[in-house]
Amino acid sequence: MAQGLKVLNAVLPQDVKLETKEYDFGARRYHASGETLTDADLADLKQHDAILLGAIGDPSVPSGVLERGFLLKLRFAFDHHVNLRPSRLLPGVATPLAGQPEIDFVVVREGTEGPYTGNGGTIRKGTPHEVATEVSVNTAFGVERVVRDAFARAQARPRKKLTLVHKNNVLAFAGHLWTNVFNKVAEEFPEVTTDYIHVDAATIYLVTDPARFDVIVTDNLFGDIITDLAAAVSGGIGVAASGNINPSREFPSMFEPVHGSAPDIAGQGKADPTATVLSVALLLRHLGYDNEAIRVEEAVSADLGGRGETPRTTDEIGDALAVRAAG
Ligand code: IPM
Ligand code: MN
């Protein structure tokens, strides 16, 4: 986080006054107060233009507490329905794939619906006849707004291609809604080439032919899964950035690395801050600082391309990126 802020400060124009406020939402606070994210926190956060979130998660906190009590609560409270996850294989970055395929696509993952809504239940709990349901909620409103956002993003890119990823051969109800909405919105974007792939097949293509993707739109859970795969093939989650966006700007959008907190190396100064720095680039672009965003991305690209064998500290990488981004 310190490196992200360092780069942000280095790249902003002189006349832009950056005001930051730091919040402690991690495991420490949870242990001290039992709180994850209160209404007062949300009211306070709401006054900001954007949120830069450090990786959360700690083995001392039961699984799911911070995920649901903080991360998902924030995404839902601020209606972050566009979960933006770009994948670019930068020069010099290792991929487990054969050769050095062209990878430059962005996944627009729906962020506020699907099975993430916590709609479900258990009956006959603890018995051999336990039945658990987890309902995937898909609304016409929610699907349409994220699909339209994805079309607009595809339209703005050189290749202008949008792929819907779902599983409409099995998930008949949600699949029908997604496919219908997708086809309807497509009429508004005649320049965008469209296609459809089932999510299982998409995992094959992400490995065998990732160059076929430009923009992908998909639901919350499929998007969660395929973006980890997308990150793995394009340099690993150490370089994967994401934006949790509310395009209306009614609430602050939130930018975070896709990776977790790596508690095993906490405090050793060897975590790679690249994914956080790339999240800063997404934040800049969201707030209209396109040139600054490009400079940060180019700094990361040059840094990754020029990395030698000698490992650098978190701070050293941050310094190098800040110097490059400042130009
Ligand atoms: C992510 C994470 C979260 C998600 C978890 C931590 C709730 O995996 O941001 O991809 O599933 O969305
Ligand atoms: Mn995930």
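Brief remarks follow.
- ASP24 falls short on exactly one of the conditions (1) surrounded by 13 or more Cβ atoms within 10 Å (Cβ to Cβ); (2) under 25 Å from PRO263 (Cα atoms); (3) away from ligand 1 (no atom under 16 Å from the Cβ); (4) over 17 Å from the mean Cα position of the chain (by Cα), and that condition is (1).
- Residue within segment 217-236 that is more than 16 Å from ligand 2 (Cβ to nearest atom) and either part of a helix (DSSP H, G or I) or modelled with pLDDT of 95 or more (or both) present: yes
- Selection status of ASN83, surrounded by 16 or more Cβ atoms within 10 Å (Cβ to Cβ), away from ligand 2 (no atom under 16 Å from the Cβ) and under 24 Å from THR194 (Cβ atoms): no
- Spans of helices (runs of 4 or more DSSP H) in segment 1-94 with at least 3 residues in contact (Cβ under 8 Å) with a residue 12 or more places away in the chain and over 30 Å from ASP214 (Cα atoms): 2-11, 27-33, 39-45
- Helices (runs of 4 or more DSSP H) contained entirely in segment 269-327, each with at least 3 residues that are at pLDDT 95 or above, of a type in the set (A, V, I, L, M) and touching a strand residue (DSSP E or B) at 6+ places or on another chain (Cβ under 6 Å): 274-286
- Qualifying residue in segment 47-60 (condition: among the aliphatic types (A, V, I, L, M), modelled with pLDDT under 95 and within 15 Å of VAL280 (Cα to Cα)): yes
- Considering segment 247-266, and only residues there that are within 11 Å of ligand 1 (Cβ to nearest atom) and either among the hydroxyl-bearing types (Ser, Thr, Tyr) or exposed (fewer than 15 other Cβ atoms within 10 Å of the Cβ) (or both), the residue that is nearest to ALA231 (Cα to Cα) turns out to be GLY260.
- The C-beta contact set for segment 217-235 (first residue within 9 Å of ligand 1 (Cβ to nearest atom), second residue in a helix (DSSP H, G or I) and at pLDDT below 95, distance under 9 angstrom, 6+ apart or interchain) comprises ASP228/ILE237.
- Annotation for segment 181-190: at least one member residue is more than 21 Å from the chain's Cα centre (by Cα), among the charged types (D, E, K, R), in a helix (DSSP H, G or I) and modelled with pLDDT of 95 or more.
- Residue match in segment 208-222 (condition: of a type in the set (Gly, Ala, Ser) and within 22 Å of the chain's Cα centre (by Cα)): yes
The values are calculated or read from the model by the stated rules, or taken from the named source; none is laboratory data. Nothing here was measured: the structure is a model prediction, and the numbers come from that model. Reconstructed Cβ throughout: ideal geometry from the backbone, glycine too, with neighbour counts over all protein chains shown.
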